[in-house]
Amino acid sequence: MTTPAPLDPLTGEELTALLDGLAGLPYGGEAVDQRTHALQTAWLAMDAGADDELVVAAALHDIGRARPVRAEHPGLPHEVAGAEFARRRVSARAGWVIAQHVPAKRYLVATDAAYHALLSPASVASLKVQGGPMDEREMAEFAAHPLATDAVALRRWDDAAKDPDGPRLAMPTLLAAHARCMAARRA
């Protein structure tokens with residue numbers, strides 16, 4: 001499989017349009033829509049002290065559900081479609097972390113006895129479809145990756161970003177983080 005050529009970096013206008021396009025889209029039976037979930041995940045990342053690239057990845061972690069990204073990558077699971085998009089338009093790190101936010105759930109269920117109890121009913125249901133807890137080989141392979149801790153952090157923010165009254169990262173703050181991320185990409 002050949003790696004597609006990188007596209008132009010994602011612009012702030014494109015980022016805004018993608019996230020705005022998530023407004024009102026249901027989020028798998030959760031109490032928030034896709035846009036609220038994205039901005040809440042990004043807020044949790046920033047609140048935890050994540051760097052700009054990880055904050056942007058947190059905002060985009062479910063972007064594979066956005067209509068334009070689904071159209072570009074038809075038939076792929078949302079995490080794979082989102083990862084392909086982010087890898088080409090943001091960075092390789094953002095792409096990897098987005099691809100691994102689902103496996104990170106499987107990893108945490110297998111390695112953290114208290115984690116399963118934190119999952120919402122919708123997340124428990126999707127865990128079954130996603131393959132359940134990782135086995136020993138999968139856990140070792142996942143944990144050995146240098147970005148595994150980023151993927152686990154994103155997963156925890158993802159799980160916590162389901163509060164309709166919870167804080168959300170303001171778009172100007174996200175756009176500033178995105179601009180710094182894109183400037184670093186050009187440097």
Study note, to complete from the structure: Within segment 136-174, residues within 19 Å of the chain's Cα centre (by Cα), farther than 20 Å from residue 32 by Cα and open to solvent by 70 Å² or more (accessible area, probe 1.4 Å) come out as 146, 149
Point to revise | Test: residue 93 is basic (Lys, Arg), touching a helix residue (DSSP H, G or I) at 6+ places or on another chain (Cβ under 7 Å) and at pLDDT 95 or above | key: yes
**Study point:** Matching option when the condition is over 16 Å from the mean Cα position of the chain (by Cα) and not charged (D, E, K, R), among 29, 82
**Key:** 29
Point to revise | Residue, nearest to residue 148 (Cα to Cα), within segment 67-112, restricted to residues that are among the β-branched types (Val, Ile, Thr) and touching an Asp or Glu at 6+ places or on another chain (Cβ under 8 Å) | key: 97
Exercise for review: Tell me, please, whether a residue that is farther than 13 Å from residue 58 by Cα, among the aromatic types (Phe, Trp, Tyr) and part of a helix (DSSP H, G or I) can be found in segment 157-166.
Suggested key: no
**Study point:** Pick from segment 68-116, criterion free of Cβ contacts under 8 Å to residues at least 12 places away in the same chain and aliphatic (A, V, I, L, M), ranking: nearest to residue 179 (Cα to Cα)
**Key:** 92
Revision key, fill the gap. Filter segment 175-187 for residues that are touching a residue at least 24 places away in the same chain (Cβ under 8 Å) and open to solvent by 30 Å² or more (accessible area, probe 1.4 Å); the one that is nearest to residue 40 (Cα to Cα) is 175
Revision key, fill the gap. Of the conditions (1) of a type in the set (D, E, K, R); (2) in contact with a strand residue (DSSP E or B) (Cβ under 8 Å, 6 or more places away or on another chain); (3) open to solvent by 60 Å² or more (accessible area, probe 1.4 Å), the single one that residue 33 does not satisfy is (3)
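The values are calculated or read from the model by the stated rules, or taken from the named source; none is laboratory data. Everything quoted here is computed from the prediction, not taken from an experiment. We place every Cβ from the backbone using ideal geometry, glycine too, and count neighbours over all the protein chains shown. Each accessible area value is taken on the protein alone, full model and side chains, heavy atoms only, with ligands, DNA and RNA left out. Shrake-Rupley method; radii C 1.70, N 1.55, O 1.52, S 1.80 Å.
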